[in-house]
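> Below you will find the structure I want to go over with you.
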Amino acid sequence: MLAYRHAFHAGNHADVLKHLVLTLVLRHMNLKDKGWRYVDTHAGAGGYSLEGDYAKKRGEFEQGIARLWERDDLPPPVADYVALVRAFNGGSKLKPKLKQYPGSPGLAQLLMRPQDQLRLFEMHPTDHKILASFLGDVPGVEVKLADGFASLKSQLPPPTRRGVVLIDPSYELKSDYPRTLAALREALERFADAVVVVWLPQLQLLEATQLPQRLKATATAGAKKGWLHAQLTVARADERGFGMLGSSVFVANPPHTLHGSLQPLLPWLAGVLGQVDGATHRLEHGAGA
């Protein structure tokens, strides 16, 4: 949706969960020397100022990354993720001031090696321009002003047969729900070993409630290594029943270490990021084809 700007939401609780999982996935991919291809269907601007008008308007990062920034008791995987955000902020000091937040492409670029590739798709002209100026000249990176859903088929399978796909639309258009499901199905049909990471908003909306179950069914039928679904519920709906209660990340073909890594982290994150009493978490996994 061309009216959507992630800058309003950068660094919020949903970004923390999404980017923690993405960091764990890419760290696992880096355990082997063979290169991987990362495909981001909704790449955004790649990085965001937390001191600008967009981020300050809602201050959502205050309930997300800012709650982790000064803590000295971070579990190791969370500390690793926060260290990447620190690196994005200059990283010369042990604790630099939190001024910027990396989008998924920014994190992926921090973790990529010379043999790896980033394929980044963004439809918003302004965000694409920012992304292209940030990463467009980096070796191994391609930035496209194009529909990531439609472009996915051209990127899979990668030559090395090692690939990670992030599907992260705004879901402000209801068509994003069936298109996300179709993208997962297409990715697995073209490359059954693909690690496909899907971010999902937790809303009181039929489409949002149904999509996780449909993703599970698709991955059960088409993913060789099954699926994982991690959810954090950190807020309550407003008096009209609206608002994002939390978010979840669905992973087809998750690394075999991911479930064990997330098991102790999700309750810890629920306690730290919860905006109401009774913040909860859920971690599910299932077998694949």
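> Viscosity 0.890 mPa s, temperature 25 °C: what is the translational diffusion coefficient of region 6-286 from Stokes-Einstein with a Kirkwood Rh over Cα pairs, rounded to a whole number of µm²/s?
Translational diffusion coefficient: 131 µm²/s.
> Bin all alpha-carbon pair distances of region 159-289 at 5 Å intervals from 0 and give each bin's fraction as a whole percent.
Binned Cα distances yield the sequence 2, 11, 20, 21, 19, 15, 8, 3, 1, 0, 0.
> Quick query: amide H of Leu166 versus all other amide H atoms, modeled in the peptide plane; which residues come in under 5 Å with a sequence gap of 5 or more or a different chain?
Val39, Asp40, Thr41, Val197
> Then there's this: Near Lys34, which lysines are there with a Cα under 26 Å away, not counting those fewer than 8 places off in the same chain?
Excluding near neighbours in sequence, the set is Lys18, Lys144, Lys153, Lys224, Lys225.
> The chain: longest stretch without exposed trypsin sites (Lys or Arg not before Pro) (DSSP loop, at most 15 other Cβ within 10 Å), sites themselves excluded?
For trypsin sites (Lys or Arg not before Pro) (loop position, at most 15 other Cβ atoms within 10 Å), the longest site-free span of the chain is 100-160.
> Return the percentage of antiparallel bridges among DSSP beta bridges fully within the chain, rounded to the nearest 5 %.
About 60 percent, rounded to the nearest 5.
> Further, regarding this structure: Can you sort Thr23, Thr233, Thr220, Thr126 so the residue with the fewest Cβ neighbours within 10 Å comes first?
Ranked by crowding around the Cβ, least crowded first: Thr126, Thr220, Thr233, Thr23.
> Can you give me the relative contact order of the chain as a percent, contacts being Cα pairs under 8 Å and 6 or more apart?
Averaging sequence separation for qualifying contacts and normalising by length gives 20 percent for the chain.
> At a Förster distance of 35 Å, what's the computed FRET efficiency of Thr257 paired with Glu172, Cβ-Cβ distance as r, to 0.05?
It comes out at approximately 0.55.
The numbers here are math on the coordinates, done by the rules we state, and not lab data. Values in this document were obtained by computation on a predicted structure and should not be read as measured data. Please note: Cβ atoms are built from the backbone with ideal geometry, for glycine as well, and neighbour counts cover all protein chains shown.
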